[in-house]
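All remarks here apply to the structure that follows.
The values are calculated or read from the model by the stated rules, or taken from the named source; none is laboratory data. These figures come from a predicted structure and were not determined experimentally. In this analysis, Cβ positions are derived from the backbone assuming ideal geometry, glycine residues included, and neighbour counts consider all displayed protein chains.
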Amino acid sequence: MSDSLYDKIGGEAAVDAAVDIFYRKVLADDRISKYFEGIDMETQAAKQKAFLTMAFGGPNSYTGMDMREGHAHLVKNGLNDSHFDAVMENLGATLSELNVPAELIAEAAAIAESTRNDVLGK
Amino acid sequence: MPKITYEGKQFDCEEDQTVLDCLARHGVTYPSSCQNGICQTCLMHATEGTVPAVAQKGLKETLKLQNYFLACTCKPTEDLVVSEPGTGVTQRVVAQVVGKKPLNHDIMRFQLAPDDEFEFRSGQFLHLKRDDGLVRSYSIASLPDSDTPIEIHVRRMDNGEMTTWLHDTLKVGDAVEIQGPVGECFYVPGNPEQNILLIGTGSGLGPLWGIVRDALKQGHTGRIHLFHGNYDINGLYLMDELKQLARDNPNFLYTPCVDSHAPEGVEEGRVDAVVSRTYSDLKDWKVFICGHANMVDNMKRKTFLAGASLQNIYADSFVDSSKEAA
């Protein structure tokens, strides 16, 4: 069985390749970079790796609660849909850069999109 | 059935059970998140016993070498003694002070000869314990060679209880307890052609001085470029030794920097600015950053944005109280 989204995207190796590219895009994006100031980069990269793995349809123990609690302090500081959109854009651009086919990017984007309400505390 | 020892308590780990599950089943809550060996929240240190390779997947090389692992993917095959990262002290020895010498107006070099074997890698740090229990951490500047004493560089801190005592009271012939080593800021052989960038401020030069010489000793052939920055020229030190090292090793480059009034042979500008104007593309480089916490955070970000992979960035922040100087 190698037809899951995770396998098609390239599994763990794809996540490893994506995490640096994705995190670099996020840090360089003026719309959202302020939310990453003063945060330990290793811890943050590990979280992004877990997030990307989930978005790629890989193994995860995602609970909406973790996402809500993890972002609550940012929501208080104004985190909103526009910031979530920026992250989605960076995710798409990362996958394009890794030459992931458009239909798989759409699948991953749909999974990531499903976390929107939890992230934004709606 | 393997036994897991954590915080002094021993637990039986059933077949096919992970360390995380085993602890949970015995009522011990250890931090975790993805539970799939990805997010690294449940990072642990095995101070005794060997962990399966699968439990080290995705970890930095320097963590693997020190027997760090992920509790959520570790199904032990033998007894383990485990602890939280950075807390597992593996060695405690008494060391004699055999050398004490000022390196500049506020940094003192101490040379310590341990009574027993004390294994470490250059750039890691040790905990130094005073008789009354006061403990501070200092990075190791010497090479792991049993013939030479352990060297630390200690900057005098305003109101720093330990550094004041070290500078003013501790003398050659005295004994102190050292514990450790701790830390993941050290050279790992196996990729001799990789370029290495080292950035330090103040007594952050200590660990870098150890790492540079360790890399050269282990036959590193790629470029090794050290930037040492300070507010003014009085804060730089080991300049003659570093210039000599650069003459002896064509692949080693040394760039001292000061914020202003740079004399001949010294770059003018803050070390972050000098590094950025020297190297704009750090793809595939290995990076070591040691010194003041703000500089370290800033340079981690800058070198990462310049293309260095996070897996290749090693940093050590000197925070004022628990790690007073080097």
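Laid out as a table, the results:
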| read-out | value |
| --- | --- |
| Residue tally, condition at pLDDT 90 or above and of a type outside the set (Lys, Arg), over segment B:85-96 | 4 |
| Residues of segment B:162-175 classified as touching a residue at least 60 places away in the same chain (Cβ under 8 Å) and buried (at least 17 other Cβ atoms within 10 Å of the Cβ), total | 3 |
| Set A:ASN99, A:ASN80, A:ASN90, A:ASN117: member being in contact with a Phe, Trp or Tyr (Cβ under 8 Å, 6 or more places away or on another chain) and modelled with pLDDT of 90 or more | A:ASN90 |
| Qualifying strands (runs of 3 or more DSSP E) (wholly inside segment B:112-191; at least 3 residues being touching a Phe, Trp or Tyr at 6+ places or on another chain (Cβ under 9 Å) and at pLDDT 95 or above) | B:150-155 |
| Residue within segment B:58-70 that is surrounded by fewer than 18 Cβ atoms within 10 Å (Cβ to Cβ), part of a strand (DSSP E or B) and of a type outside the set (Ser, Thr, Tyr) present | no |
| Selected residue (criterion: nearest to A:GLY70 (Cα to Cα)) from residues of segment B:15-49 that are acidic (Asp, Glu) and exposed (fewer than 13 other Cβ atoms within 10 Å of the Cβ) | B:ASP16 |
| Of all residues in segment B:71-98 being of a type in the set (Gly, Ala, Ser) and part of a loop (DSSP other than H, G, I, E, B), the one that is farthest from B:GLN17 (Cα to Cα) | B:GLY86 |
| Of residues in segment B:216-245 being more than 21 Å from the chain's Cα centre (by Cα) and at pLDDT below 95, the one nearest to B:VAL271 (Cα to Cα) | B:TYR231 |
| Filtered residue count, segment B:32-71, keeping only those that are over 17 Å from the mean Cα position of the chain (by Cα), charged (D, E, K, R) and within 14 Å of chain A (Cβ to nearest Cβ) | 1 |
| Residue match in segment B:28-45 (condition: assigned by TED's automatic domain parsing to the domain that holds B:ILE140, assigned to a loop (DSSP other than H, G, I, E, B), in contact with a strand residue (DSSP E or B) (Cβ under 8 Å, 6 or more places away or on another chain) and within 30 Å of B:ILE178 (Cβ to Cβ)) | no |
| Subset of segment B:136-165 [over 21 Å from B:CYS185 (Cα atoms) and either in contact with a His (Cβ under 8 Å, 6 or more places away or on another chain) or of a type in the set (Val, Ile, Thr) (or both)] | B:ARG156, B:THR163, B:THR164 |
| Residue tally, condition out of contact with any Phe, Trp or Tyr (no Cβ under 8 Å at 6 or more places or on another chain) and either within 22 Å of B:LEU126 (Cβ to Cβ) or in contact (Cβ under 8 Å) with a residue 40 or more places away in the chain (or both), over segment B:192-209 | 2 |
| Residues located in segment B:25-46, provided they are modelled with pLDDT of 90 or more and not aliphatic (A, V, I, L, M) | B:ARG25, B:HIS26, B:GLY27, B:TYR30, B:CYS42, B:HIS45 |
| Test result for B:LEU126, out of contact with any His (no Cβ under 9 Å at 6 or more places or on another chain) and crowded, with 21+ Cβ neighbours inside 10 Å | yes |
| Test for A:LEU91: is it out of contact with any Pro (no Cβ under 9 Å at 6 or more places or on another chain), of a type in the set (A, V, I, L, M) and farther than 28 Å from A:ASP3 by Cα | no |
| Total residues in segment B:218-231, condition over 16 Å from B:MET295 (Cα atoms) and not in a strand (DSSP E or B) | 6 |
| Entirely in segment A:1-94, the helices (runs of 4 or more DSSP H) that have 3 or more residues that are away from chain B (no Cβ under 12 Å) and of a type outside the set (Phe, Trp, Tyr) | A:5-9, A:64-76 |
